[in-house]
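To start, the structure under review is shown below, and the notes come after it.
The values are calculated or read from the model by the stated rules, or taken from the named source; none is laboratory data. Computed from a prediction, not measured in an experiment: that's the story for all the values here. Counting neighbours? That spans all protein chains shown, and the Cβs are built from the backbone with ideal geometry, glycine included. The protein model used for the area step is the full one, side chains on, heavy atoms only, and it has no ligands, DNA or RNA in it. Shrake-Rupley method; radii C 1.70, N 1.55, O 1.52, S 1.80 Å.
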Amino acid sequence: MTINSIKHCALALIAGCGIAAALTACSDTWDDHYEAEATGVNQGSLWQAIKSNEQLSNFARVVEACGYDKALASSQVFTVFAPTNDCLSADEAEALIGQYAEEKGHVSDDDNTVIKEFLQNHMALYNYSVSSVSHDSIVLMNGKYAVITPQHISGTPLLTTNALYQNGVLFTVGQKVDYFANLFEYLRKDADLDSLRNFLYCGDTLNSSRAYPLFYFKEFEPHLSVAGGIVDGKTVYLDSVFSQQNELFDFLNAELNAEDSTYWMVAPTNKVWRQLVDEYASYFNYDNTVADRDSIAYTNTRLAITQGTVFSHTVNPSLGTGQPADSVMSTSAVLNYNLRRYRWGADSLSYYQYFNPTAPEGVFSGTQDVPCSNGLLMKADNWHIDKRHTFLRQIIIEAESQGSIKEVSRVEATQGDSIATVTPMLRSVSSDNAFYNQVSGNGFVEFVPAITTMNHTVTFNIRNVLSNTGYDIYLVTAPALANDSNASQVQRLPTNLRCTISYHRQNGTTESNQLVSMVTTNPDVVDHILLAEDFHFPVASYNLSEENPQVTLRVETRVSNAQQRNNTHTRTMRIDCIILKPHQ
């Protein structure tokens, strides 16, 4: 980190000083902070004070080797908690310098272990001091929170205090300040969690063995960088500031490295990870024509393991209190019932929510708990998160939802154009109707014949299927009475249907399978018609953005002219939804 970068980090922190005033002192003036008896400012910079103190020679060697001597000699204001030679030996200093050199060039200074976990763990931006009544929380340069009292910083004894120099305050400490890893950082330290670390750090050259896809990356922050002018129409920066980003945090809906959040995370050990990857990989076999199929399969297989493993104290306030919880909701759960209906097809579905979490087979059962600076990591050598509660979900295609209908049957018109043979009409179920809450989403589509002398077809799009797992496939029809309690006998006639499913083979070509050649609907009930039991798709479409979905279901009427003339059957279809339920 350059001096200018440190300055810009300081500017970013200044914006939050008003809010954090109760916790930290965000002023560069000594008088705002120095509560002990002032004796004036010592001559020289912090670096000069450290360099000239024989008791701090080992610390000074590490500071200089890592390039922080320039920062501590600059005009930027720091508070330094310097470990003496009694607690930082020459051999330890040499080991830190060697580790810094080993990592340099492979990771940025911000991610260098020695800088982040040692140097920045003994420094803070701005002036801080202690008095006889001090008990403050401060933010160290690595973002860690530390409590400072007259005698200690986070339990580490203070030997000397409040030595004011031209660019800050110097303390000395009797032992190294412990580095308390957050959940994300802890993954780098536990060999039992290498597999999970390799995934979440994907893109990091030091902590990941895989070069793609790049989830963990640096993002340029132009508003924090120093512009040096325009060259060839582009801004040239004298000092560029980057922030660390991780796309996987968006999928988990959790910033695992945030120090001001509190999470619990169930983390699979390497043994469990390998077992789950071997099992789950078969569900994410994409056809050969899917762009980046290997990368997509790699990512979705591992997201299937990790999504639903993180729990926020905000949503689960009983966590950590010792109070039993009937259920816990992970950060991947959907709290809003309307959103559950939109995302999963029914508000009764509670994916990523787990009941009786501490029971013998509960999600928290049998874990090894590791406290972290922003929560609790629970190492799991036995896995109790059921895939049927996470990614192996029921698929509900509401007929009335946007994008559900791919096409309806058409015939050529006299001018060479084509016209639809049926008209989709959206029907709703009122709250005073006997079928209210029996029809999925209290809505269905009535396909009214525009041409009465022929049979009709409607094709539905089906998305997000998994490969190599069984589905029970249902077509759900709605009665005319659900929209009109006074529907006539003619309106309440049954219809005959044929259903054909189409899907991709491994090579990307389409295969069709007739599920039922003819089935007669039950016209006065919400009829769940089983089309197929334990049906397997050879390839997946899970999480694909498909303009033309791989999987479709064609539903067609099979009513004869005689049946229609005799008023025994109708060519009107009333489709509520299509359900693909994982086979038990």
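For the range 456-569, would you read off the P(r) tail past 23 Å as a percentage of all alpha carbon pairs?
Details: 2506 of 6441 pairs.
Across the range 456-569, Cα pairs with separations above 23 Å total 39 percent.
Once percent of Cα pairs over 32 Å apart is worked out from the coordinates, which option in (i) 76; (ii) 53; (iii) 60 does it equal?
Structure-derived value, by its label: (iii).
Over the Cα atoms of the range 127-194, what is the Rg over Rh ratio if Rh follows Kirkwood?
Working: Rg = 14.7 Å, Rh = 13.6 Å.
We get a ratio of 1.08 for the range 127-194.
Using the Cα centre as the reference, give the magnitude of the dipole from point charges on the C-beta atoms of the chain (Lys, Arg: +1; Asp, Glu: -1; all else neutral), rounded to the nearest 20 debye. Don't jump to the answer; show the numbers that get you there.
Values: 38 positive and 63 negative charges, 426 e Å.
Charge dipole of the chain: 2040 debye, to the nearest 20.
For the range 396-545, with all protein chains present and a 1.4 Å probe, just round the carbon and sulfur fraction of the accessible area to a whole percent.
Working: 3090 of 7060 Å².
Taking all protein chains in place, the range 396-545 shows 44 percent carbon and sulfur surface.
Could you state the angle between the C-alpha long axis of helix 3-14 and the longest principal axis of the C-alpha atoms of the chain, as a value from 0 to 90 degrees rounded to the nearest 10?
So the helix axis and the longest Cα principal axis differ by about 70 degrees.
Relative contact order of the range 56-102: what whole-number percent is it, with Cα pairs under 8 angstrom and at least 6 residues apart?
Dividing the mean separation by the residue count of the range 56-102 yields 59 percent.
Which net charge results when you count Lys and Arg as +1 and Asp and Glu as -1 among the other residues whose beta-carbon is under 11 Å from that of Ala380?
Neighbour charge sum, excluding Ala380 itself: -1.
Students often get this wrong, so check it: of Lys189/Lys379; Lys70/Lys176; Lys51/Lys104, which have C-alpha atoms separated by over 20 Å? Don't skip to the end; give the middle numbers.
Values: Lys189/Lys379 13 Å; Lys70/Lys176 22 Å; Lys51/Lys104 24 Å.
Where the Cα-Cα span goes over 20 Å, the pairs concerned are Lys70/Lys176; Lys51/Lys104.
Just to be sure I understand the model, the point goes 7 Å from the Cα along the line to the Cβ. What's the resulting Gln275 to Leu214 distance in nm?
Modelled inter-label distance: 3.6 nm.
Quick check on the chain: of the DSSP beta bridges with both residues there, what percent are antiparallel, nearest 5%?
Bridges in the chain that DSSP calls antiparallel: roughly 90 percent.
Considering Cα pairs under 8 angstrom that are at least six residues apart, work out the relative contact order of the range 513-584 and quote it in whole percent.
Numbers: 21 pairs, mean separation 17.5, N = 72.
For the range 513-584, the relative contact order is 24 percent.
Grab the Cα-Cα distance for Asp347 and Asn288, subtract it from 0.36 nm times how many residues apart they are, and report the gain in nm with one decimal.
Details: separation 59, 0.36 × 59 = 21.24 nm, distance 3.54 nm.
Full-extension gain reported as 17.7 nm.
Report the far tail of the P(r) of the range 224-373, meaning the percent of Cα-Cα pairs longer than 19 Å.
Working: 7500 of 11175 pairs.
Result: 67 percent of Cα pairs exceed 19 Å.
Using +1 at the C-beta of Lys and Arg and -1 at the C-beta of Asp and Glu, which of Thr172, Phe81, Val370 has the Cα lying farthest in the positive direction of the dipole of the chain?
Of the candidates, Val370 comes out farthest on the positive side.
Asp194 to Tyr436: FRET efficiency via 1/(1 + (r/R0)^6), r the Cβ-Cβ distance, R0 51 Å, to the nearest 0.05? Walk me through the numbers on the way to the answer.
Numbers: r = 54 Å, r/R0 = 1.05.
With R0 = 51 Å, the Cβ-Cβ based efficiency is 0.45.
So how far apart, in nm, are the two label points at Ser365 and Asn561 if each is 7 Å from Cα heading toward Cβ?
For the pair Ser365/Asn561, the computed spacing is 6.6 nm.
Mind giving me the nanometre distance, one decimal, between the label points for Leu426 and Thr160, set 7 Å out from Cα along Cα→Cβ?
7.6
Over the chain, average the accessible area per residue using a 1.4 Å probe and give it in Å², no decimals.
On the way: 26940 Å² over 584 residues.
That works out to 46 Å² per residue.
Test of understanding: what is the full-extension gain from Lys406 to Lys176, defined as 0.36 nm times their sequence separation minus their Cα-Cα distance? Each step should come with its number before you reach the end.
Working: separation 230, 0.36 × 230 = 82.80 nm, distance 6.56 nm.
Residue separation times 0.36 nm, minus the Cα-Cα distance, leaves 76.2 nm.
Can you run the Rg to Rh ratio on the range 62-163? Use alpha carbon positions and the Kirkwood inverse-distance Rh.
Numbers: Rg = 14.2 Å, Rh = 14.6 Å.
That ratio is 0.97, to two decimals.
How far is helix 270-280 tilted off the main Cα axis of the chain, in degrees rounded to 10, range 0 to 90?
The answer is roughly 20 degrees.
Angle check, please: helix 90-103 long axis (alpha carbons) against the longest principal axis of the chain (alpha carbons), in degrees 0 to 90, nearest 10.
So the helix axis and the longest Cα principal axis differ by about 40 degrees.
Within the range 503-566, report the chymotrypsin sites (Phe, Trp or Tyr not before Pro) that DSSP leaves as loop and that have at most 15 other Cβ atoms within 10 Å.
Numbers: sites: Tyr503, Phe535, Tyr542; in loops: Tyr542.
Of the chymotrypsin sites (Phe, Trp or Tyr not before Pro), not one in the loops of the range 503-566 has a Cβ with at most 15 other Cβ atoms within 10 Å.
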